[in-house]
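The values are calculated or read from the model by the stated rules, or taken from the named source; none is laboratory data. Everything numeric in this text was worked out from a predicted model, so none of it was measured. Virtual Cβ from ideal backbone geometry, glycine too; neighbours counted across all protein chains shown. Just so you know, the surface numbers come from the protein's heavy atoms only, side chains and all, with ligands and any DNA or RNA stripped out. Shrake-Rupley method; radii C 1.70, N 1.55, O 1.52, S 1.80 Å.
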Amino acid sequence: MAVPSYEAPTHQDTAYQTALEQFDRAAYYVDAPADYLEILKYPARELTANFPVRRDDGTIEMFTGYRVHHNITLGPTKGGIRYAADVTLDEVRALAMWMTWKCALVQLPFGGAKGGVVVDPKTLSLAENERLTRRYTAEMVKMFSEHADIPAPDMGTNAQTMAWIMDTYSMNVGHSVPAIVTGKPLNLGGSEGRTEATGRGVIIAMEEALKRIDRYDPTNTKVVIQGFGNVGSHAALIASELGYNVVAVSDISGGVYNPNGLDIKKLFDFCFHGGQLKDYKDSSLDHVTNRELLTLPCDVLAPSALQSQVTPEVAPYVKANLIVEGANGPTTPDADDILNDRNILVVPDILANAGGVIVSYFEWVQGLQSYFWDLDEINRRLARIMTKSYDNVQVIAEENKITLRTAAQVAAISRVVKALMTRGIYP
Ligand code: NAD
């Protein structure tokens, strides 16, 4: 059987092109008819809304928001909402598709979705953010439902955003619907452990990988993390609590680096109170750019900010032996090839950052049952699913001699396409 070859793209890939190329690479190994596989390349439905929001000074400004449902074969769609100045429909499509594979890979009864609003949340006051969120929710009422499409936080959104979405949706239908979102505050039916779940899952995936490549030695392992938001900061905190030496972290303003290790708790408190890392003063550390951070000397690199960071320009200079993808889509396909040639192991996003959607699923189930579990129970169940999913991916990778990324997508696509064939094509 000939292995497909790929021309190295000469252009900058968009996120959706990356998602499609990854799909093609994996679909080659999936035993299913081509016309069924073709269906999975398309988003099932998309909604774009242009809507006005009143600023605090009384002026009115137009904003654009998106929601994409990629696939509903396995159940209601699940996926976060991103607020970012440069978010595009193309990016939301890619993120929705990755959500389908992520949910399928870790065997959740969900399809994939994603949402986005074109706005830099830092330019909004709290009241403007609330009005924007409520109006976006009202525009998306046709897409959201606790039985059809359940949003969650992503870049630029948080538990407060989810509380406003839950309240707006509830006001529209006339009764409280806590299960409409996950990642909500605990006092509204949020789950213990959800805030740090993605970061915790990233570290579980990192430890699984280190054990398998015989490099499990926390105190002698240097970790670099790009992104110090929900995913990156909790991954950094949990790694340092476990004894790993986190030597560099970054946010959009740049990174801080100390080859002897950083005080992550201090950095976390500084950023939690609104600080940007470029302003963090400590004579023992150096300030680095985000680009420099990706190629610092370390054992593990966890890109946990945004997509298309490890590109063919960066991949030849990466010094880590292991990349664990906290972000969605941080590595482009041509960079993947370079890393593979250099024997750098990549634990792919749909496996490495699945902790968030796994605990979101726990939150949804707890909410529907109105019966809540404690943190130990949540973390135990999370670790079990992460480890089992990693085992499954490893077996497929070894059997087919393919990367963990392609193996993870083979597992996910196979599950979705088999369910699609069982359901049949309507009408
Ligand atoms: P966040 O908004 O909490 O944090 C994002 C971090 O990235 C911040 O530190 C920000 O300063 C930094 N950043 C933004 N733009 C940057 C740039 N151009 N260069 C460098 N750094 C930049 O977002 P998050 O929830 O931590 O999400 C981060 C990534 O993880 C995204 O790719 C998201 O899709 C993915 N993810 C998030 C979750 C979740 O539960 N929140 C789950 C799975 C995957």
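Working only within region 125-177, note down all residues that are among the polar types (S, T, N, Q) and under 15 Å from LYS78 (Cα atoms). Once the filter is applied, which keeps residues that are among the polar types (S, T, N, Q) and under 15 Å from LYS78 (Cα atoms), region 125-177 yields only SER145. Pairs meeting the criteria (first residue in region 95-114 and in contact (Cβ under 8 Å) with a residue 12 or more places away in the chain, second residue in a helix (DSSP H, G or I) and of a type in the set (Asp, Glu), beta carbons under 8 Å, at least 6 apart or on different chains) are TRP98/ASP349; LYS102/ASP349. Taken over region 319-334, the criterion of being among the small types (Gly, Ala, Ser) and within 16 Å of the ligand (Cβ to nearest atom) is satisfied by GLY326, ALA327, GLY329. Consider region 225-275. How many of its residues are in a strand (DSSP E or B) and within 14 Å of the ligand (Cβ to nearest atom)? Residues in region 225-275 being in a strand (DSSP E or B) and within 14 Å of the ligand (Cβ to nearest atom): 9 in total. Inclusion of ARG291 among residues that are basic (Lys, Arg), closer than 21 Å to GLY356 by Cα and either open to solvent by 10 Å² or more (accessible area, probe 1.4 Å) or in contact with a Pro (Cβ under 7 Å, 6 or more places away or on another chain) (or both) is not warranted.
Residue check: VAL357 meets all listed conditions (1) buried (at least 17 other Cβ atoms within 10 Å of the Cβ); (2) out of contact with any Lys or Arg (no Cβ under 7 Å at 6 or more places or on another chain) but one, namely (2). Looking at (1) within 16 Å of the ligand (Cβ to nearest atom); (2) more than 26 Å from LEU294 (Cα to Cα), which one does GLY355 not meet, given that it meets all the others? Condition (2) is where GLY355 drops out. Do we have TYR28 as among the aromatic types (Phe, Trp, Tyr) and open to solvent by 60 Å² or more (accessible area, probe 1.4 Å) here? So TYR28 passes the test.
The residues of region 11-44 that are in a loop (DSSP other than H, G, I, E, B) and under 17 Å from ILE72 (Cβ atoms), listed by number, are LEU40, LYS41, TYR42, PRO43, ALA44.
Of the candidates GLN409, GLN369, GLN394, the single residue that is buried (at least 20 other Cβ atoms within 10 Å of the Cβ) and polar (S, T, N, Q) is GLN409.
For residues that are in contact with a helix residue (DSSP H, G or I) (Cβ under 6 Å, 6 or more places away or on another chain) and near the ligand (Cβ under 9 Å from one of its atoms), tally how many sit in region 180-201. Going through region 180-201 one residue at a time, the tally reaches 6. Residues in region 214-224 include none that are within 10 Å of the ligand (Cβ to nearest atom), open to solvent by less than 10 Å² (accessible area, probe 1.4 Å) and out of contact with any Pro (no Cβ under 8 Å at 6 or more places or on another chain). Considering every residue within region 297-304, establish whether at least one is surrounded by fewer than 20 Cβ atoms within 10 Å (Cβ to Cβ) and touching a strand residue (DSSP E or B) at 6+ places or on another chain (Cβ under 9 Å). Checked region 297-304: at least one residue is surrounded by fewer than 20 Cβ atoms within 10 Å (Cβ to Cβ) and touching a strand residue (DSSP E or B) at 6+ places or on another chain (Cβ under 9 Å). Could you please give the count of residues in region 397-406 that are open to solvent by 80 Å² or more (accessible area, probe 1.4 Å) and either in a helix (DSSP H, G or I) or at pLDDT below 95 (or both)? Of the residues in that region, 2 qualify. For LEU210, the criteria (1) under 16 Å from ALA327 (Cβ atoms); (2) part of a helix (DSSP H, G or I); (3) away from the ligand (no atom under 15 Å from the Cβ) hold in every case but one, which is (1). Listed by first and then second residue, the pairs linking a residue in region 204-222 that is closer than 17 Å to ARG384 by Cβ to a residue that is hydrophobic (A, V, I, L, M, F, W, C) and assigned to a loop (DSSP other than H, G, I, E, B), with Cβ atoms under 8 Å apart and 6 or more places separating them unless they lie on different chains, are GLU207/LEU242.
Scanning region 121-136 for residues that are in contact with a Gly (Cβ under 8 Å, 6 or more places away or on another chain) and free of Cβ contacts under 8 Å to residues at least 60 places away in the same chain yields a single hit, PRO121.
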